[in-house]
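Structure first, then comments.
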Amino acid sequence: MYDRLDAAVSDTLAARDRALTTSDDLHTRDVELSRLTRRLGELRAAERSLCFGRIDTPAGDFLHIGRVGLRSPDGEVVLVDWRADAARPFYAATPATPLGLRRRRHLRLQNRRVVDVSDEILDGSAPTPDDVVGDGPLAAALSRARTGRMREAVSTLQAEQDAIVRSPHRGVTVVDGGPGTGKTLVALHRAAYVLYAFPALAGRGVLVYGPNSRFLDYISDVLPSLGENDVRMATLADLVGVAPTAAEPEEAARAKGVAGTAASLAAWVRARQPRGVPLEVKVGQETLVLTPAEVDAAHRLATREGLAHNPARERFREHVVDALVDLLERRTADALARLDAEVASMLGVDLDDAVAGDLRSLGLDDSPAAEPEFDWDAVREQLLDDPAVDQATEAVWPRLRPEDALGRTVRTRADLALLDEARALIDGPPEEVYGHIVVDEAQELTEMEWRMLLRRCPSRSMTVVGDFAQSGSATTVRSWPEAVGDRFVHHTLTVNYRTTAEILGHATPLLARIAPGQGPSRSVRHGEPPRTLTGGPDTVRALAADEDNGLVGVIAPPGMTEALEGSGAIVVAAPDARGLEFDTVVVVDPAAIEAYRESGPRDLYVALTRATRRLFVVTPAAG
Ligand SMILES: Nc1ncnc2c1ncn2[C@@H]1O[C@H](COP(=O)(O)OP(=O)(O)OP(=O)(O)O)[C@@H](O)[C@H]1O
């Protein structure tokens, strides 16, 4: 199989060299080059554990499942890409619905050799000496020590997760579920599936949105390890290209986040396009005045294309120039008519008739079209470049900067979506848009922030994952329809793969308080009961230093994090712990976490559900 991988790498390299020297047009060449580069990325990423599964039918037919698809030189399938339809039974078959399979085999490879095999018999038949029935690979994956980076789980995706990953739905897919149910994992594998199965969407780019850079770092290995390097990962600040520099009270942030803010910004911009006002411009020695009705007509023409303020202003100026040329034409015609009338009354001759008669006598065409025309097009061109016209336009339709609509420079996180909205209203929608957007920790977004993401996804193809029981304080959205509208497919994940049943049980009374309608998910593992200790920073340091605890996350109220640094553990302020995961978690001063901000109880719930193995809760000593 690795021979086929090596051959595929050399074939792709050769095809890329050929593409570089081809005489095809540049666009075709670029498309082909980027396809081949992507394929090379996939093939290289597949080196480690190229094949991780095999499915066998009772008749003895079998397929190998792996990270990429490979064929033999005579075209026979050697390895099926995990995203291909043929691989579906590997994920979806259960003993209740074996989907025509007898056996599902998991393989673990190291340095191109099989080092572990584990089989599940699905059709109820008796194991044979060829079957290796043992501990499940999922259990092994879940009990592995954490490294601080999320790992891909292509070989152990579970049926309920796989159904979402390979769903044929191209619109909005919403996935919710309690902490640790694999929402992030599913979202990332879904991104890889979209790249494979929906090339038209993938061609327009895939964006993974995450709430902060710590979280994006945590998930940043997953897609590259699946061979997908063309996915953009971004926070709101990355999308806007501006970093917030200050915090602000939650209430202020929430007030900015509501949809009404968009309406206010739009009204502010509209107020800078006033109606019913005249426009006065000095052209040469003359002052021309367009009536309010003429200005409004230019206004109507300028706004009918739905352009943003500044591009529409250019249209408006063009229509103003048209109206000025009309006015000049009318004036000239009036002046000539007056002149004719004066000459006629002075000389008793109709000049037009006289000229026409002369033209006829010279054998020339006397129709009006043949009259020497004034070059109004040239006048129009001149007026378009005339600074006086631009200045006059400025008085009724000023050029704006997006910051003007905010009335200040961007300082806080909540300002980002406002700036983005103002940019869209004033300069037009963002140029960088995506065919598919994955939104993680989606419960955190405000209505204004949703508008920001939707603006970047004209195809409305999204995978949205989140859990409202984990909402932070700034969010202004409480339901999925409020976030993404009415048209979406909804899935709920129910099995918790992160925390043990004991840890989940510890957080359940709090869940009942913060989200009474939401039942706890079901944990697949058992472990030690959580322990509550009394102590201060030294107690926390001792827990962090204990090697038995593996990767330790200390989650504390925001004001306390500095005092806890330097212990060897990863110290995180409770509001920033969303999405993260550690072997052991030390939650410091839960009462202070709860009291810190309005969403404190939900922050505490997040903190209590970050551990895969051990949870310590350290409360301060009285006094
Ligand atoms: N099928 C699976 N195979 C292996 N590991 C899995 C599987 N499903 C989930 N996990 C692991 O379980 C842990 C929790 O998954 P994940 O972070 O995606 O959950 P989540 O629902 O996003 O959690 P939260 O809401 O707390 O952010 C991760 O370590 C993930 O790798």
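Being within 16 Å of the ligand (Cβ to nearest atom) and over 28 Å from Ala512 (Cα atoms), is that true of even one residue in segment 558-571? Checking segment 558-571: at least one residue is within 16 Å of the ligand (Cβ to nearest atom) and over 28 Å from Ala512 (Cα atoms).
Do you know which of the residues in segment 43-101 that are basic (Lys, Arg) and assigned to a helix (DSSP H, G or I) is surrounded by the most Cβ atoms within 10 Å (Cβ to Cβ)? Ranking the qualifying residues of segment 43-101, first place goes to Arg88. Per this entry, Ala246 is not counted among residues that are buried (at least 18 other Cβ atoms within 10 Å of the Cβ), over 27 Å from Ala378 (Cβ atoms) and not polar (S, T, N, Q).
On inspection, Phe316 qualifies as of a type outside the set (Lys, Arg), within 30 Å of Val289 (Cα to Cα), touching a Ser or Thr at 6+ places or on another chain (Cβ under 8 Å) and at pLDDT 90 or above. Report, ordered by the first and then the second residue, all pairs with beta carbons closer than 6 Å, sequence separation of six or more or different chains, a first member in segment 252-276 that is closer than 16 Å to Thr393 by Cα, and a second member that is assigned to a helix (DSSP H, G or I). Qualifying pairs under 6 Å: Val269/His309; Val269/Leu425; Arg275/Asp296; Gly276/Pro292. Among (1) surrounded by 23 or more Cβ atoms within 10 Å (Cβ to Cβ); (2) over 18 Å from Val165 (Cβ atoms); (3) of a type outside the set (D, E, K, R), which single condition is Val222 missing? The one condition Val222 does not meet is (2). Pro292 meets each of the listed conditions (1) modelled with pLDDT of 90 or more; (2) buried (at least 17 other Cβ atoms within 10 Å of the Cβ) apart from (2). Per the conditions (1) surrounded by fewer than 23 Cβ atoms within 10 Å (Cβ to Cβ); (2) at pLDDT 85 or above; (3) more than 29 Å from Gly519 (Cβ to Cβ), the sole criterion not satisfied by Pro127 is (2).
Considering only residues that are over 9 Å from Val587 (Cβ atoms) and buried (at least 24 other Cβ atoms within 10 Å of the Cβ), which ones fall in segment 612-623? Residues satisfying the conditions are Thr612, Arg614. The test for being modelled with pLDDT under 90, surrounded by fewer than 20 Cβ atoms within 10 Å (Cβ to Cβ) and among the acidic types (Asp, Glu) does not hold for Glu280. Criterion applied to Gly553, Gly517 was being surrounded by fewer than 18 Cβ atoms within 10 Å (Cβ to Cβ) and either within 13 Å of the ligand (Cβ to nearest atom) or outside the structural domain of Arg602 (by the TED database) (or both), and the one residue passing it is Gly517.
Scanning segment 228-272 for residues that are under 20 Å from Gly210 (Cα atoms), in contact with a Pro (Cβ under 9 Å, 6 or more places away or on another chain) and not hydrophobic (A, V, I, L, M, F, W, C) yields a single hit, Thr235.
Among the residues of segment 152-162, those identified as more than 6 Å from the ligand (Cβ to nearest atom), under 14 Å from Leu226 (Cα atoms) and either surrounded by fewer than 20 Cβ atoms within 10 Å (Cβ to Cβ) or not small (Gly, Ala, Ser) (or both) are Glu152, Val154.
The values are calculated or read from the model by the stated rules, or taken from the named source; none is laboratory data. Please read these numbers as outputs of a predicted model, since none were measured by experiment. Glycine also receives a Cβ, built like all others from the backbone with ideal geometry; neighbour counts cover every protein chain displayed.
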